Amino acid sequence: MSEPPLQYPGAALRTWSQQEEVFFSEEELHSLVRIADTLFFASLGKEEGAVTRVRVAYHEQGIRGLQEIQEHVLVGGAHGRRRAWEVIPFEPESTITGFSVKALVKLAPAANLPRTSIVVGPHDGQLRIQGLARRVEYTGFYKVEGEDSVFILHAPEPGHLTLSINGIEEFRYEHGSLVPPTHRVYLHDLLFKTESVVRSALMSICKSLVDGNDKPRFLWFTDKEWYISSVVLGLVKQMGTMRHGGLIAILPDSSDIEHARNMGKYRLPLEAGTLLRSRLQEFAASRAGVEELFWSSTRKNASKTEDDSLDEAIDRQFEENDEEELNSLVESIGQLTAVDNALLLGPNLEVVCAGYPIPTQEKEPRVQGEVSQAEKIVVHEAESLKGEPGALYAIEQHGSRHRAAAVFANRYQGGLVFASSQDGPLRCLHRPRGRNEVLLWNVRLSDE
């Protein structure tokens, strides 16, 4: 079977739109083709030694079109609206606004933030750089009016290109040809939705923390499973947004924890390792106390004394401080993923060590029940949150970090690994207990 012919990304985009019968206006398609080719060559350039990784947002109405896009939000118990994009417009006469490879390379560092794009639109019959725009944090709960007219072209690494429409990747170009777009799940869904096998694995790993005797009274507000997912969400998001590349590996139980701790380059003493768990418990207790105060106050007569109001305000302030301390600790621990090798966690969110080198060449299992690394690791891309195995995934297409992630997931059944590349993509790997294959999810941060 012959290989598909090599194409420039603009030509590949035209081919894709015809094959998939994607409707673009002639002006849209012409503009997207030119943006794709320009972005492709810009991705091959460097500024101050850094590779150009940049997103371009295109709208037929340019930056004004982005400014008019509204999204629905909940304000209290009512529905409201807000702008979906925050924009910084440039004057049309600015010297930088000419759309070219050089201009994209020069401006790329200013747009190297999550959810941020260089805005390109038509002006006097030509494409111009019209400013910068940042998408407000995407909730995914409501359809955003008008966002299906926003096209995001992204160069995640040199020579690669993607096109997303309404937040969904529709087109992918790599190594001179079309490839199937990557199916990506939201990190929030992976960690919070009850049908997710990743969430189930996390709650099994943190079972004693979930089943502790200090359960809050009002579980519909202070569910400890929700808190646990929130902490892991924060750690993974911190790793992903740093754009450094890293690994977070979570052991399924404590059977191998001491051996692993001794291998780590940066080991944490026991009291420091349990700090995350302790801070989480303190915050949950504080939150439960505030909510109990709220519910008890509703049972009182309509009038409150000034002392009651003052006490409630003080308690709420303590709760806010506890939340800030917890979030700050999560961010600090997440930054440990910037060092080489993995940040290793144990059961109940114990921070074991950073700089943990996952052995990938081991010939014999060290713990009873482990699979020898001499056997080939089988990785399947998961088709859903429930973990149905899909097509085989060629983990060898990635570097040593992803190979290490696959080895860890295969060796520690029931454990979890989150891997990020320097160019931003996140992946989660997990081998369910009793299964022979490692499952892999391509993960999308909610703020991408």
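The values are calculated or read from the model by the stated rules, or taken from the named source; none is laboratory data. Model, not experiment: these values are computed from the prediction. Every residue, glycine among them, receives a Cβ derived from its backbone with ideal geometry; neighbour counts consider all protein chains shown. Accessible surface areas use protein heavy atoms only, side chains included; no ligands, DNA or RNA. Shrake-Rupley method; radii C 1.70, N 1.55, O 1.52, S 1.80 Å.
Of the residues in region 428-442, how many are assigned to a strand (DSSP E or B) and buried (at least 23 other Cβ atoms within 10 Å of the Cβ)?
Total satisfying the criteria: 7.
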message = Cβ-Cβ under 7 Å, sequence separation 6+ or interchain: first residue in region 15-28 and hydroxyl-bearing (Ser, Thr, Tyr), partner open to solvent by less than 100 Å² (accessible area, probe 1.4 Å) and outside any helix (DSSP H, G or I). Which pairs?
response = THR15/GLN7; THR15/LEU178; SER17/PHE24
task = Evaluate the following for GLU3: is it assigned to a helix (DSSP H, G or I) and at pLDDT below 95?
result = no
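Given the criterion farther than 23 Å from VAL210 by Cβ, open to solvent by 60 Å² or more (accessible area, probe 1.4 Å) and at pLDDT 90 or above, identify the matching residue among ARG411, ARG366, ARG403.
So the residue among ARG411, ARG366, ARG403 that is farther than 23 Å from VAL210 by Cβ, open to solvent by 60 Å² or more (accessible area, probe 1.4 Å) and at pLDDT 90 or above is ARG403.
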query = What about SER328, is it surrounded by 17 or more Cβ atoms within 10 Å (Cβ to Cβ), among the polar types (S, T, N, Q) and modelled with pLDDT under 90?
reply = no
query = What number of residues within region 243-266 satisfy the criterion of being surrounded by fewer than 18 Cβ atoms within 10 Å (Cβ to Cβ) and part of a strand (DSSP E or B)?
reply = 1
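Given the condition modelled with pLDDT of 80 or more and farther than 28 Å from CYS428 by Cβ, answer yes or no: does some residue in region 154-173 qualify? So that I can check it myself, show each step before the final result.
Step one: of region 154-173, the residues modelled with pLDDT of 80 or more are 154-165, 169-173.
Narrowing the set further to residues that are farther than 28 Å from CYS428 by Cβ leaves none.
No, because not a single residue in region 154-173 is modelled with pLDDT of 80 or more and farther than 28 Å from CYS428 by Cβ.
Here is a yes/no grid of residues against (1) under 17 Å from the mean Cα position of the chain (by Cα); (2) modelled with pLDDT of 90 or more; (3) among the acidic types (Asp, Glu); (4) open to solvent by 60 Å² or more (accessible area, probe 1.4 Å):
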site: ASN112; (1), (2), (3), (4): yes, no, no, yes
site: ASP124; (1), (2), (3), (4): no, no, yes, yes
site: GLU145; (1), (2), (3), (4): no, no, yes, yes
site: SER177; (1), (2), (3), (4): no, no, no, no
key: Only one of VAL56, VAL87, VAL73 that is surrounded by fewer than 19 Cβ atoms within 10 Å (Cβ to Cβ), in a strand (DSSP E or B) and either out of contact with any Phe, Trp or Tyr (no Cβ under 9 Å at 6 or more places or on another chain) or at pLDDT 90 or above (or both)   = VAL87
ask   = Does region 388-427 hold any residues that are free of Cβ contacts under 8 Å to residues at least 24 places away in the same chain, farther than 23 Å from ILE205 by Cα and not in a strand (DSSP E or B), and which are they?
value = ALA394, GLU396, GLN397, HIS398, GLY399
key: Residue list for region 29-53, filter: in a helix (DSSP H, G or I), open to solvent by 60 Å² or more (accessible area, probe 1.4 Å) and within 20 Å of ALA133 (Cβ to Cβ)   = ARG34
